[in-house]
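Trainee: Quick one: this structure, given as structure tokens, is what I'll be asking you about.
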Ligand SMILES: Nc1ncnc2c1ncn2[C@@H]1O[C@H](COP(=O)(O)OP(=O)(O)O)[C@@H](O)[C@H]1O
Ligand SMILES: [Mg+2]
């Protein structure tokens with residue numbers, strides 16, 4: 001949004017009145033019904049009847065979902081729930097069998113991935129995609145949009161793009177400093193640790209000055225010492241006026257940073273609401289336990305099942321960490 | 001053994017016709033494979049289209065040299081589009097399969113007897129080089145110094161070839177230091193990441209395929225004019241694999257990698273060829289082990305061994321950066 005462009009400069013000073021936008025987002029969502037497909041006061045993204053089948057398996061079957069502008073929304077659900085597939089569909093990396101969705105009132109169904117990104121909806125990947133044999137700063141420069149020097153005809157004539165390149169480099173260096181990657185500026189991205197790659201991927205996505213950032217498991221595989229700073233960066237995005245939709249397994253993190261939580265299970269959205277409401281929701285506990293158990297008879301039994309569900313989540317998270325470290 | 005002639009032949013081959021042709025074909029591959037990561041296994045077809053485009057237009061159609069060059073370039077663009085449109089949206093290996101098949105189709109079509117009237121069949125075409133050598137400003141005689149003394153004809157075609165080769169290297173250097181080149185290198189690393197940053201990956205891959213193919217067609221022009229003949233079996237798959245060898249020896253994604261790689265490749269071939277032949281003549285190698293007719297094959301075996309050693313001890317090529325190889329292994 002042009003009105004918000006001043007927030008996208010990447011200057012730490014732009015983050016005024018820390019936390020103010022969290023209050024705005026929470027207030028806006030206060031009266032939204034706690035049910036799947038709930039309408040939001042100011043949705044940036046609205047999806048309808050999005051389905052994706054792989055052979056006999058229906059990986060995604062979302063009837064209706066809205067994402068509130070300027071808020072941090074968490075998308076949670078057990079492994080295989082279809083979260084990544086849903087991300088892929090929304091961002092043009094996969095084609096749905098059916099479905100329509102609008103971003104800023106512009107239909108994005110069947111729009112190719114690069115155009116989705118140009119319209120301001122930028123995503124990161126569950127398996128980090130640092131461009132290994134490019135340096136960190138080149139990774140960052142690549143993120144910038146509308147580069148004149150990326151057109152073949154201009155590429156040969158440096159004066160056509162040199163100034164823009166300098167501006168982009170300056171912006172990249174500010175972002176690198178904010179993400180504490182400035183000392184790695186001229187290293188190959190492939191030499192970074194898993195957590196640093198996640199940071200780089202996020203910083204690179206910000207180079208395009210997106211309106212909405214979609215993060216697929218940004219914390220997975222990240223060294224615990226870095227998770228706090230990553231969390232801080234995600235909160236910063238909201239303070240700068242961006243909308244964030246992210247997938248995460250760690251419930252403490254979800255509770256800490258999200259304004260709204262959407263729960264997926266077996267391709268469907270089964271619950272929505274603020275973090276604390278959602279985590280107490282039987283449908284959610286059901287989803288994590290697989291839904292093939294008897295209803296808890298006693299409160300003690302319910303507590304036990306809750307603990308088991310959380311242990312499972314922890315284990316998943318630990319497994320994901322193991323994957324990411326490889 | 002006559003070491004003087006062995007060494008002088010080797011030194012001549014460093015700047016010789018083959019070096020220019022294969023360096024140029026490899027510069028094209030460098031754009032496609034070295035920078036963009038496109039597996040073009042049909043570079044021979046682009047070289048053949050350049051060579052035949054020129055020869056057919058001049059000899060059979062009776063048109064000017066310039067028309068022949070334009071047809072060769074246009075043919076390379078069309079071939080790149082034909083190969084790229086259906087495959088560049090798919091996984092990388094589809095392009096590899098399509099190009100290797102297309103290169104054989106092109107070669108077999110040029111040598112087929114049905115098209116003999118237009119391609120000369122398996123004999124190929126000669127007698128189309130007159131206009132090119134008529135442009136030669138050099139009068140009869142030899143030119144150069146030391147071991148590098150060439151006839152006025154060879155000097156002329158080498159001069160044109162090297163100037164073009166240097167121009168293409170400069171072109172590659174200009175392109176690859178630009179943001180356009182950065183997108184290409186990003187695609188080589190991970191095209192989905194580049195797509196997620198708003199770049200039209202398909203368009204960039206197509207541009208790289210076309211540019212590399214047109215440079216390959218220029219290698220075909222020099223090949224045809226230098227030999228004063230085109231012959232279909234010169235454009236077999238081994239041309240493509242020699243070009244890849246040249247690229248990897250010099251170092252992929254390095255501007256001068258193909259030039260240095262080609263010089264080394266043909267230097268080593270010339271050395272092994274001459275040393276083996278003279279060793280047999282001088283009786284150092286008994287004819288029960290190897291006769292002079294086998295030298296041609298054996299030298300390629302030796303070159304193969306040398307290349308294996310190079311790839312073991314210097315996998316990044318002559319110019320490559322060791323750190324990059326280490327990253328790939330992660
Ligand atoms: N390309 C594919 N082909 C076949 N099945 C797939 C493919 N991608 C995902 N799936 C299946 O779709 C389901 C949803 O997967 P995914 O979206 O990765 O889940 P999540 O990200 O929530 O863990 C899983 O059962 C997975 O096996
Ligand atoms: Mg996933």
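Trainee: When you go through A:57, A:89 one by one, which is the residue that is without any contact (Cβ under 8 Å) to a residue 40 or more places away in the chain, surrounded by fewer than 23 Cβ atoms within 10 Å (Cβ to Cβ) and within 15 Å of ligand 1 (Cβ to nearest atom)? First the steps, then the outcome.
Mentor: Working: A:89 fails: surrounded by fewer than 23 Cβ atoms within 10 Å (Cβ to Cβ).
None of the other options fit; the residue is A:57.
Trainee: Here's a follow-up. Residues that are within 16 Å of ligand 2 (Cβ to nearest atom) and more than 19 Å from residue A:143 (Cα to Cα): does the stretch A:223-232 have at least one? Break it down stepwise before answering.
Mentor: Step one: of the stretch A:223-232, the residues within 16 Å of ligand 2 (Cβ to nearest atom) are none.
No; the residues of the stretch A:223-232 include none that is within 16 Å of ligand 2 (Cβ to nearest atom) and more than 19 Å from residue A:143 (Cα to Cα).
Trainee: All but one of (1) surrounded by 23 or more Cβ atoms within 10 Å (Cβ to Cβ); (2) facing another protein chain (nearest Cβ under 7 Å) hold for residue B:189; state the number of the condition that does not hold.
Mentor: Against the list (1) surrounded by 23 or more Cβ atoms within 10 Å (Cβ to Cβ); (2) facing another protein chain (nearest Cβ under 7 Å), residue B:189 comes up short only on (1).
Trainee: When the stretch A:259-290 is examined, which residues are found to be in a helix (DSSP H, G or I) and either modelled with pLDDT of 90 or more or not assigned by TED's automatic domain parsing to the domain that holds residue A:26 (or both)? Spell out the reasoning first.
Mentor: Residues of the stretch A:259-290 in a helix (DSSP H, G or I): A:275-279, A:282-289.
The one that is in a helix (DSSP H, G or I) and either modelled with pLDDT of 90 or more or not assigned by TED's automatic domain parsing to the domain that holds residue A:26 (or both): A:275.
Trainee: Limited to the stretch A:249-287, what total is found for residues that are within 14 Å of ligand 1 (Cβ to nearest atom) and farther than 28 Å from residue A:98 by Cβ? Working first, answer last.
Mentor: Filtering the stretch A:249-287 down to residues within 14 Å of ligand 1 (Cβ to nearest atom) leaves A:249, A:262-270, A:287.
Filter once more, keeping what is farther than 28 Å from residue A:98 by Cβ: A:249.
Result for the stretch A:249-287: 1.
Trainee: Related question: Any idea which residue in the stretch A:231-258 is surrounded by the most Cβ atoms within 10 Å (Cβ to Cβ), counting only those that are over 22 Å from residue A:23 (Cβ atoms) and more than 12 Å from the chain's Cα centre (by Cα)?
Mentor: Filtering the stretch A:231-258 for residues that are over 22 Å from residue A:23 (Cβ atoms) and more than 12 Å from the chain's Cα centre (by Cα), the one surrounded by the most Cβ atoms within 10 Å (Cβ to Cβ) comes out as A:249.
Trainee: Examine the stretch B:162-176 for a residue that is more than 14 Å from chain A (Cβ to nearest Cβ), in contact with a strand residue (DSSP E or B) (Cβ under 7 Å, 6 or more places away or on another chain) and part of a helix (DSSP H, G or I), and state whether such a residue exists.
Mentor: No, the stretch B:162-176 contains no residue that is more than 14 Å from chain A (Cβ to nearest Cβ), in contact with a strand residue (DSSP E or B) (Cβ under 7 Å, 6 or more places away or on another chain) and part of a helix (DSSP H, G or I).
Trainee: So which of A:225, A:172 is assigned by TED's automatic domain parsing to the domain that holds residue A:117, away from ligand 1 (no atom under 16 Å from the Cβ) and more than 20 Å from the chain's Cα centre (by Cα)?
Mentor: Details: A:172 fails: assigned by TED's automatic domain parsing to the domain that holds residue A:117.
Of A:225, A:172, the one residue that is assigned by TED's automatic domain parsing to the domain that holds residue A:117, away from ligand 1 (no atom under 16 Å from the Cβ) and more than 20 Å from the chain's Cα centre (by Cα) is A:225.
Trainee: Let me spell it out: the conditions are (1) touching a strand residue (DSSP E or B) at 6+ places or on another chain (Cβ under 8 Å); (2) away from ligand 2 (no atom under 16 Å from the Cβ), and residue A:123 meets all of them except one. Which number is the exception?
Mentor: Checking residue A:123 against (1) touching a strand residue (DSSP E or B) at 6+ places or on another chain (Cβ under 8 Å); (2) away from ligand 2 (no atom under 16 Å from the Cβ), the one that fails is (2).
Trainee: Is it true that some residue in the stretch A:175-194 is within 16 Å of ligand 2 (Cβ to nearest atom) and either surrounded by 22 or more Cβ atoms within 10 Å (Cβ to Cβ) or not assigned by TED's automatic domain parsing to the domain that holds residue A:309 (or both)? So that I can check it myself, show each step before the final result.
Mentor: Step one: filter the stretch A:175-194 for residues within 16 Å of ligand 2 (Cβ to nearest atom), giving none.
No: zero hits.
Trainee: Ok, one more. Starting from residues that are at positive phi and assigned to a loop (DSSP other than H, G, I, E, B), keep the ones in the stretch A:81-107 and report whichever is nearest to ligand 2 (Cβ to nearest atom). Show your work before the answer.
Mentor: Here is the first cut: in the stretch A:81-107, the ones at positive phi are A:82, A:92, A:99, A:104-105.
Next cut, assigned to a loop (DSSP other than H, G, I, E, B) only: A:82, A:92, A:104-105.
On the way: A:82: 8, A:92: 17, A:104: 25, A:105: 28 Å.
Only one residue fits best here, namely A:82.
Trainee: Of the conditions (1) in the same structural domain as residue A:231 (by TED's automatic domain parsing); (2) surrounded by fewer than 16 Cβ atoms within 10 Å (Cβ to Cβ), residue A:122 satisfies every one except a single condition; which number is it?
Mentor: Result: residue A:122 passes all but (2).
Trainee: Taking residue B:279, is it more than 20 Å from the chain's Cα centre (by Cα) and touching a residue at least 12 places away in the same chain (Cβ under 8 Å)? It would help to see each step written out before you state the result.
Mentor: Values: more than 20 Å from the chain's Cα centre (by Cα): yes; touching a residue at least 12 places away in the same chain (Cβ under 8 Å): yes.
Yes.
Trainee: When the stretch A:155-196 is examined, which residues are found to be outside any loop (DSSP other than H, G, I, E, B), within 8 Å of another protein chain (Cβ to nearest Cβ) and more than 21 Å from residue A:127 (Cα to Cα)?
Mentor: Of the stretch A:155-196, the ones outside any loop (DSSP other than H, G, I, E, B) are A:155, A:158-160, A:162-178, A:182-184, A:188-191, A:194-196.
The next check asks that each one be within 8 Å of another protein chain (Cβ to nearest Cβ); those that pass are A:155, A:158, A:165, A:188, A:190-191.
A:155, A:158, A:165, listed by residue number.
Trainee: Are any of the residues in the stretch A:104-116 away from ligand 1 (no atom under 16 Å from the Cβ), within 30 Å of residue A:55 (Cα to Cα) and within 15 Å of the chain's Cα centre (by Cα)?
Mentor: So far as the stretch A:104-116 goes, yes, one or more of its residues are away from ligand 1 (no atom under 16 Å from the Cβ), within 30 Å of residue A:55 (Cα to Cα) and within 15 Å of the chain's Cα centre (by Cα).
Trainee: Here's something else I'd like to know. Out of the residues in the stretch A:131-153 that are more than 7 Å from chain B (Cβ to nearest Cβ) and touching a strand residue (DSSP E or B) at 6+ places or on another chain (Cβ under 9 Å), which is surrounded by the fewest Cβ atoms within 10 Å (Cβ to Cβ)?
Mentor: A:135
Trainee: Can you tell me which residue is farthest from residue A:317 (Cα to Cα) among those in the stretch A:60-80 that are within 12 Å of ligand 2 (Cβ to nearest atom) and within 12 Å of the chain's Cα centre (by Cα)?
Mentor: Of all residues in the stretch A:60-80, those within 12 Å of ligand 2 (Cβ to nearest atom) come to A:60, A:75-80.
Subset that is within 12 Å of the chain's Cα centre (by Cα): A:75-76.
On the way: A:75: 15, A:76: 12 Å.
The extreme case among them is A:75.
Trainee: For the stretch B:185-266, which helices (runs of 4 or more DSSP H) that fit wholly inside it have 2 or more residues that are farther than 16 Å from residue B:42 by Cβ and modelled with pLDDT of 95 or more?
Mentor: Values: elements: B:191-196, B:201-227, B:237-250.
Those helices (runs of 4 or more DSSP H) span B:191-196, B:201-227.
Trainee: Go through the stretch B:211-235 and report how many residues are over 12 Å from the mean Cα position of the chain (by Cα) and either surrounded by fewer than 22 Cβ atoms within 10 Å (Cβ to Cβ) or within 17 Å of residue B:19 (Cβ to Cβ) (or both). Step through it out loud before you land on a result.
Mentor: Let us first name the residues in the stretch B:211-235 that are over 12 Å from the mean Cα position of the chain (by Cα), namely B:211, B:224-233.
Checking which are either surrounded by fewer than 22 Cβ atoms within 10 Å (Cβ to Cβ) or within 17 Å of residue B:19 (Cβ to Cβ) (or both) leaves us with B:224-229, B:231, B:233.
Counting residues in the stretch B:211-235 that are over 12 Å from the mean Cα position of the chain (by Cα) and either surrounded by fewer than 22 Cβ atoms within 10 Å (Cβ to Cβ) or within 17 Å of residue B:19 (Cβ to Cβ) (or both) gives 8.
Trainee: Next question, about the same structure. Answer with yes or no whether residue A:41 is touching a helix residue (DSSP H, G or I) at 6+ places or on another chain (Cβ under 8 Å) and more than 15 Å from ligand 1 (Cβ to nearest atom). Spell out how you get there, then give the answer.
Mentor: On the way: touching a helix residue (DSSP H, G or I) at 6+ places or on another chain (Cβ under 8 Å): yes; more than 15 Å from ligand 1 (Cβ to nearest atom): yes.
Taking the combined requirement at face value, the residue satisfies it.
The values are calculated or read from the model by the stated rules, or taken from the named source; none is laboratory data. What you are looking at is a predicted structure, and each value in this text was computed from that prediction instead of being measured. Here the Cβ is made from the backbone with ideal geometry for all residues, glycine too, and neighbour counts use every protein chain on show.
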